[in-house]
Amino acid sequence: MLAFRPGRFPKQRGALRGQVLILLALLLVALLGFSALAVDVAFAYAERRLLQNMVDAAALAGARALYDGRSPSQATAAAQAAFQANLTANHDSGEGLTVTQLNVEIDQTNRIVRVTASADIERFFLGAFYDGPWRTEAQAAAQVGQQPADYAFLALEHDNPNAVNLIGNVNVRVVGGSAMSNGGMRCVGNGTFQADGTVDAALSFSQTGNCRFQAGQGVRSGVSPVDDPLAAMPEPPRPTVPGMPGGGTAACTTSGSTVTCPPGRYTGSISFSGNGSLVFTGGTYQFDGTVSFSGNGTVTLGPGFYYFRKGFTVSGNATIQMAPGTYVFDGSSFSIGGNTRLILQGQPTSCSGVGQEFQLFFRNSSFAVQSNFGLQNVLPCDVLVYLDNSDFALTGNTDSILPPGLYYFDGSTFRLQGNQTITGQDVLFYFGPGSSFDVVGNTRYVLSGVTDPAKLPYPGMQPGLVLFQARGNTSTLRMVGNSGAQVNGILYLPDGTLDLRGNVSGTWARGQIIVYRFTTNGNTDIRVEYVEHVTVTRPTVWLVQ
């Protein structure tokens, strides 16, 4: 058995102690190196994050400059300035980072700003062990674009603090959506303008008296203006009134209680009264005198071309049966009174894009209706009513259902008078320069736009459009509302003012209101229920890299 006895190997013990000291010294050097590396690497990562923040800010600043309409050189300068401002704010001169390269690239086509930067990083202990490059790089890209917004109400006018101007005892409620003004919003009196979403303005809000702006998701000022979502939509083509056809003279014949008029030119007047029938068989007609019918019978207009120079009047309990064709009233009127019923008898065909089946032209004349319409196989693409310096008046106490289609007002007026309800389904009212919409009395109206893309009144029209005031037409469209008045679809006045007044209550609009300026006065209490027909986008800038 072996046993260790102290003091047996004194020389070997001294040698061991020397080796431990050497190993300890080497270990301390290694630990110092790792500590130095840890400090410098951690600092490098921190500086890398700061450099990334700086290029992010630079890219966003350049993109915002592009959004504001600046040139590429100005966008580059904005990006460089933002980068330098962040560098100065986070580093003393000569400490931390030394930027060796900054590059700003502007992609105008895609509206993207790309920024890349590289920098040398300050060393603490690493220099004792490593004298090679110690640098970092970062890159970022920001893009100018659009994001959808749920705006049921949009006032397009820029730079006007009163682009939305509410006066009186006014309450406007936007249900299920938001409201936006490219200018400001002003409310004077008693009432509220509120939305379930946001109430936004590019400028500021002015509240006087007990009037307030309220929103479920916030009232926000300083919001970037919103582009007109319908700016690229074409206007309906302006119709051309056909000329007089002329032709040989013709005469009507009578058989019992029926008067039959073949095609041709009628130089005298045609007058019928009683319970019989007045029949125009179809073809080409020119009436130089008046045409009138009074009684309980039937007026039949066969397919063809009709040119009235002195007017066409039907009264009593008559029925007018109108076949597809072109009807021109030049300096004359088309007057339907009493309990007369006008029936449009269309063809059971789909929209072909070759033109309307029914074309009614009024020039320096009027279309006066005190009765109702009947429709057979009539689509929105089948009807054109063009009024040039003329009136379309719906009067009396008889409820009326308007034919679907395009009603083109050219220096003309759409007039609603009386105690009646006017219903227009799949209609579009286009108000050219000098045109107006006049509501007098207790008339109620329910007007709805065409939503089926296959049945639009003209090519390129936005589905859902119901009221369209021409671009460049800066006149005020005054709409007086009563209980039961309602517009379903898009009400679009790109350069005009919508002035809403009256004692309206309940849901006044279901869809989207897009106007240049909006004003109210009186005791108006309306709801605007958001239904998206056209996508409204809000400008924004975001990082894409």
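The values are calculated or read from the model by the stated rules, or taken from the named source; none is laboratory data. From a predicted model like this one, the values you see are computed outputs, not experimental measurements. Every residue, glycine among them, receives a Cβ derived from its backbone with ideal geometry; neighbour counts consider all protein chains shown.
When residues of segment 369-426 are filtered for being acidic (Asp, Glu) and either over 21 Å from residue 319 (Cβ atoms) or not assigned by TED's automatic domain parsing to the domain that holds residue 319 (or both), how many remain? Break it down stepwise before answering.
Within segment 369-426, the subset acidic (Asp, Glu) is 382, 388, 391, 399, 410, 426.
Subset that is either over 21 Å from residue 319 (Cβ atoms) or not assigned by TED's automatic domain parsing to the domain that holds residue 319 (or both): 388, 391, 410, 426.
Residues flagged as acidic (Asp, Glu) and either over 21 Å from residue 319 (Cβ atoms) or not assigned by TED's automatic domain parsing to the domain that holds residue 319 (or both) within segment 369-426 amount to 4.
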TODO: With the condition kept exactly as written, say whether any residue in segment 232-247 is in contact (Cβ under 8 Å) with a residue 40 or more places away in the chain, of a type in the set (A, V, I, L, M, F, W, C), under 25 Å from residue 384 (Cα atoms) and out of contact with any Phe, Trp or Tyr (no Cβ under 8 Å at 6 or more places or on another chain).
DONE: yes
Open item on the list: Any residue at all in segment 355-365 that's in contact (Cβ under 8 Å) with a residue 60 or more places away in the chain, buried (at least 20 other Cβ atoms within 10 Å of the Cβ) and not polar (S, T, N, Q)?
Closed with: yes
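Working carefully through the options 342, 394, 402, find the one that is surrounded by 21 or more Cβ atoms within 10 Å (Cβ to Cβ) and under 27 Å from residue 245 (Cβ atoms).
Numbers: 394 fails: under 27 Å from residue 245 (Cβ atoms); 402 fails: under 27 Å from residue 245 (Cβ atoms).
Testing whether each residue is surrounded by 21 or more Cβ atoms within 10 Å (Cβ to Cβ) and under 27 Å from residue 245 (Cβ atoms) leaves just 342.
Looking only at segment 420-433, decide whether some residue is in contact with a Lys or Arg (Cβ under 6 Å, 6 or more places away or on another chain), more than 23 Å from residue 519 (Cα to Cα) and hydroxyl-bearing (Ser, Thr, Tyr).
yes
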Open item on the list: Could you check segment 199-223 and list, in sequence order, the residues that are under 19 Å from residue 517 (Cα atoms) and in a loop (DSSP other than H, G, I, E, B)?
Closed with: 202, 203, 204, 222, 223
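Can you confirm whether segment 165-179 contains a residue that is in contact with a Pro (Cβ under 7 Å, 6 or more places away or on another chain), surrounded by fewer than 22 Cβ atoms within 10 Å (Cβ to Cβ) and more than 30 Å from residue 545 (Cβ to Cβ)? Outline the logic, then answer.
Residues of segment 165-179 in contact with a Pro (Cβ under 7 Å, 6 or more places away or on another chain): none.
No.
Table: residues versus (1) touching a strand residue (DSSP E or B) at 6+ places or on another chain (Cβ under 6 Å); (2) at pLDDT 85 or above; (3) not acidic (Asp, Glu).
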site: 379; (1), (2), (3): no, yes, yes
site: 391; (1), (2), (3): yes, yes, no
site: 399; (1), (2), (3): yes, no, no
site: 418; (1), (2), (3): yes, no, yes
site: 434; (1), (2), (3): no, yes, yes
site: 442; (1), (2), (3): no, no, yes
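So is residue 292 under 30 Å from residue 456 (Cα atoms), in the same structural domain as residue 262 (by TED's automatic domain parsing) and surrounded by fewer than 22 Cβ atoms within 10 Å (Cβ to Cβ) or not? Before the answer, list the steps.
Details: under 30 Å from residue 456 (Cα atoms): no; in the same structural domain as residue 262 (by TED's automatic domain parsing): yes; surrounded by fewer than 22 Cβ atoms within 10 Å (Cβ to Cβ): yes.
Spelling it out, it is not the case that residue 292 is under 30 Å from residue 456 (Cα atoms), in the same structural domain as residue 262 (by TED's automatic domain parsing) and surrounded by fewer than 22 Cβ atoms within 10 Å (Cβ to Cβ).
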Task: Subset tally (residues that are within 25 Å of residue 69 (Cα to Cα) and either surrounded by fewer than 20 Cβ atoms within 10 Å (Cβ to Cβ) or of a type outside the set (Ser, Thr, Tyr) (or both)) for segment 494-533 - done: 5
Open item on the list: Out of the strands (runs of 3 or more DSSP E) lying entirely within segment 303-413, which hold 2 or more residues that are of a type in the set (Phe, Trp, Tyr)?
Closed with: 304-308, 325-330, 358-363, 405-410
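Go through segment 479-535 and tell me which strands (runs of 3 or more DSSP E), entirely inside it, have 1 or more residues that are within 14 Å of residue 437 (Cβ to Cβ) and modelled with pLDDT of 95 or more.
Numbers: elements: 486-502, 507-522, 525-530.
Here the list reads 486-502, 507-522.
If only one of 340, 313, 298 is more than 18 Å from residue 406 (Cα to Cα), free of Cβ contacts under 8 Å to residues at least 24 places away in the same chain and in the same structural domain as residue 396 (by TED's automatic domain parsing), which one is it?
Working: 340 fails: free of Cβ contacts under 8 Å to residues at least 24 places away in the same chain; 313 fails: free of Cβ contacts under 8 Å to residues at least 24 places away in the same chain.
Step by step, each of 340, 313, 298 is checked, and only 298 is more than 18 Å from residue 406 (Cα to Cα), free of Cβ contacts under 8 Å to residues at least 24 places away in the same chain and in the same structural domain as residue 396 (by TED's automatic domain parsing).
Okay, residues lined up against (1) over 24 Å from residue 495 (Cβ atoms); (2) in contact with a helix residue (DSSP H, G or I) (Cβ under 9 Å, 6 or more places away or on another chain); (3) outside the structural domain of residue 396 (by TED's automatic domain parsing):
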residue	(1), (2), (3)
436	no, no, no
442	yes, no, no
457	no, yes, no
466	no, no, yes
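Tell me which residues, restricted to segment 290-302, are assigned to a strand (DSSP E or B) and of a type outside the set (A, V, I, L, M).
Looking only at segment 290-302, we keep the residues that are assigned to a strand (DSSP E or B), and these are 291-295, 298-301.
Those that are assigned to a strand (DSSP E or B) and of a type outside the set (A, V, I, L, M): 292, 293, 294, 295, 298, 300.
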TODO: Go through (1) more than 29 Å from residue 450 (Cα to Cα); (2) within 38 Å of the chain's Cα centre (by Cα); (3) buried (at least 19 other Cβ atoms within 10 Å of the Cβ) and name the single condition residue 331 misses.
DONE: (3)
TODO: Please go through segment 93-121 and pick out each residue that is assigned to a loop (DSSP other than H, G, I, E, B) and either in contact with a Lys or Arg (Cβ under 6 Å, 6 or more places away or on another chain) or at pLDDT 65 or above (or both).
DONE: 108, 109, 110, 111
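In segment 401-413, what residues are out of contact with any Asp or Glu (no Cβ under 7 Å at 6 or more places or on another chain) and at pLDDT below 95? Don't jump to the end; show me each part of the working.
Going residue by residue through segment 401-413, those that are out of contact with any Asp or Glu (no Cβ under 7 Å at 6 or more places or on another chain) are 401-403, 406-409.
Answer for segment 401-413, where residues must be out of contact with any Asp or Glu (no Cβ under 7 Å at 6 or more places or on another chain) and at pLDDT below 95: 401, 402, 403.
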